[in-house]
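J.: Sharing a structure here in structure tokens format.
The values are calculated or read from the model by the stated rules, or taken from the named source; none is laboratory data. None of these values were measured; they are calculated from a predicted model. Here the Cβ positions follow ideal geometry from the backbone for every residue, glycine too, while neighbour counts run over all protein chains shown. Heavy atoms of the whole protein, side chains included, go into the accessibility calculation; ligands, DNA and RNA do not. Shrake-Rupley method; radii C 1.70, N 1.55, O 1.52, S 1.80 Å.
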Amino acid sequence: AQKVTQAQTEISVVEKEDVTLDCVYETRDTTYYLFWYKQPPSGELVFLIRRNSFDEQNEISGRYSWNFQKSTSSFNFTITASQVVDSAVYFCAPMDSNYQLIWGAGTKLIIKP
Amino acid sequence: GAGVSQSPSNKVTEKGKDVELRCDPISGHTALYWYRQSLGQGLEFLIYFQGNSAPDKSGLPSDRFSAERTGGSVSTLTIQRTQQEDSAVYLCASSLEFGGAETQYFGPGTRLLVL
């Protein structure tokens, strides 16, 4: 079965600092998908990115970037020049072979002004 | 277009009462999912629909929970004889279809408090 570990329960940084959120997953599948979602204080889960296991290229979208390392089963997420609006709980969610998302407890990110 | 909508946004009920939670998916999305999120926790999968069919109901916590979807659109999650441990945020999501690693898009949730 798939499993996800987000070891950082809570991270607090000052605005404009860079921050990296770690995600390590376990899977026996050779083909799989990984997702990141953001849950701001309003509570609504916001989709950020979907990555398949065939594509190990890092991805950058504005201030966000993702580092996928299949060899270490990690899919880390970096925010550069953080802003207060980035404060949220971030979830890394692998998808298992039954197309179910596997959810960890998430990482709470606090950006202080 | 419009996103996933859920109603009510908040619900306070007394222990033992029945509640109905509603989810309206994104237009054209055939798959619909229900999750539960307790305070400070990740999401617990409850059930999914492909069209009007729910192939796997094993995620429902007890037989007090049921869900239906009619017309391939709106879904209702019903909790009978609510208990205090049912207090949580109930989230609904939809995707174009089930399978194929389609992205799930979430609604704002219904915050249920059982007194």
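J.: Quick one: pull the percent of accessible area on segment B:5-110 belonging to carbon and sulfur, 1.4 Å probe, ligands and nucleic acids left out.
T.: Percent of accessible area from carbon and sulfur atoms in segment B:5-110: 44.
J.: Report, ordered by chain and residue number, the lysines lying within cross-link reach of residue A:112, taken as a straight Cα distance under 28 Å and ignoring same-chain residues fewer than 8 apart.
T.: A:16, A:38
J.: I would also like to ask the following. Counting heavy atoms of the protein chains only and a 1.4 Å probe, report the per residue accessible area for chain A as a whole number of Å².
T.: Ligands and nucleic acids excluded, the figure is 50 Å² per residue.
J.: For the pair residue A:52 and residue A:112, what calculated FRET efficiency results from E = 1/(1 + (r/R0)^6), where r is the Cβ-Cβ distance and R0 = 25 Å, to the nearest 0.05?
T.: Efficiency for this residue pair is about 0.10.
J.: Now, a different point. Across segment B:44-49, in residue order, what do the Karplus-derived ³J(HN,Hα) couplings come to in whole Hz, using 6.51 cos²θ - 1.76 cosθ + 1.60 with θ = phi - 60° and x for Gly and Pro?
T.: Values, residue by residue: 10, 6, 10, 6, 10, 10 Hz.
J.: Additional query: Under the definition of Cα pairs under 8 Å and six or more residues apart, what whole-number percent is the relative contact order of segment B:5-110?
T.: 36 percent
J.: Please list, in chain and number order, the residues 5+ apart from residue A:11 or on another chain whose amide H is under 5 Å from its amide H, with Hs placed from the backbone.
T.: Amide H neighbours of residue A:11, under 5 Å, 5+ apart: A:108, A:109, A:110.
J.: Then there's this: At q = 0.12 Å⁻¹, work out log10 I(q)/I(0) for segment A:3-112 with the Debye formula, treating every Cα as an identical point scatterer and leaving solvent out; two decimals please.
T.: Debye output, listed in q order: -0.38.
J.: To the nearest 0.05, how large is the calculated FRET efficiency for residue A:74 and residue B:22 if R₀ is 35 Å and r is the Cβ-Cβ distance?
T.: In this case the efficiency is close to 0.35.
J.: Let me ask something additional. Please list, in order along segment A:107-113, the HN-Hα scalar couplings obtained from phi with the Karplus expression 6.51 cos²θ - 1.76 cosθ + 1.60 (θ = phi - 60°), rounded to whole Hz, x for Gly and Pro.
T.: 10, 8, 10, 10, 10, 8, x
J.: Oh, and also: Compute the separation of the alpha-carbon centres of segment A:1-58 and segment B:20-67 and state it in Å as a whole number.
T.: 22 Å
J.: Just to check I understand the Karplus step: with θ = phi - 60° and J = 6.51 cos²θ - 1.76 cosθ + 1.60, what whole-Hz values come out for segment B:11-26, glycine and proline as x?
T.: Once θ is set to phi - 60°, the couplings for segment B:11-26 become 9, 10, 9, 8, 3, x, 7, 8, 9, 10, 10, 10, 9, 10, x, 5 Hz.
J.: Here's a follow-up. Using a 1.4 Å probe and counting only protein heavy atoms, how much accessible surface gets buried when B and A come together, both sides summed, in Å² to the nearest 100?
T.: For chain B against chain A, roughly 1600 Å² becomes buried.
J.: Can you give the extra length, in nm with one decimal, that the chain gains between residue A:8 and residue A:22 once fully stretched, where that is 0.36 nm per residue apart less the Cα-Cα distance?
T.: Extra length available between residue A:8 and residue A:22 comes to 4.3 nm.
J.: Modelling each spin label as a point 7 Å along the Cα-to-Cβ direction, I'd like the residue A:67/residue B:58 distance in nm, to one decimal.
T.: 3.8 nm
J.: To make sure I understand the rule: partners must be aspartates and glutamates, Cα under 20 Å from the Cα of residue B:11, and not fewer than 8 residues away in the same chain. Which ones qualify?
T.: Candidates past the 8-residue exclusion: A:44, B:20, B:24, B:44, B:68, B:85, B:86.
J.: Using only the alpha carbons of the protein assembly as shown, determine the length spanned along each of the three principal axes and report them from longest to shortest in whole angstroms.
T.: Cα extents, longest axis first: 48, 40, 34 Å.
J.: If you take every DSSP beta bridge fully contained in segment A:3-112, what fraction is antiparallel? Give it as a percent rounded to 5.
T.: 85 percent
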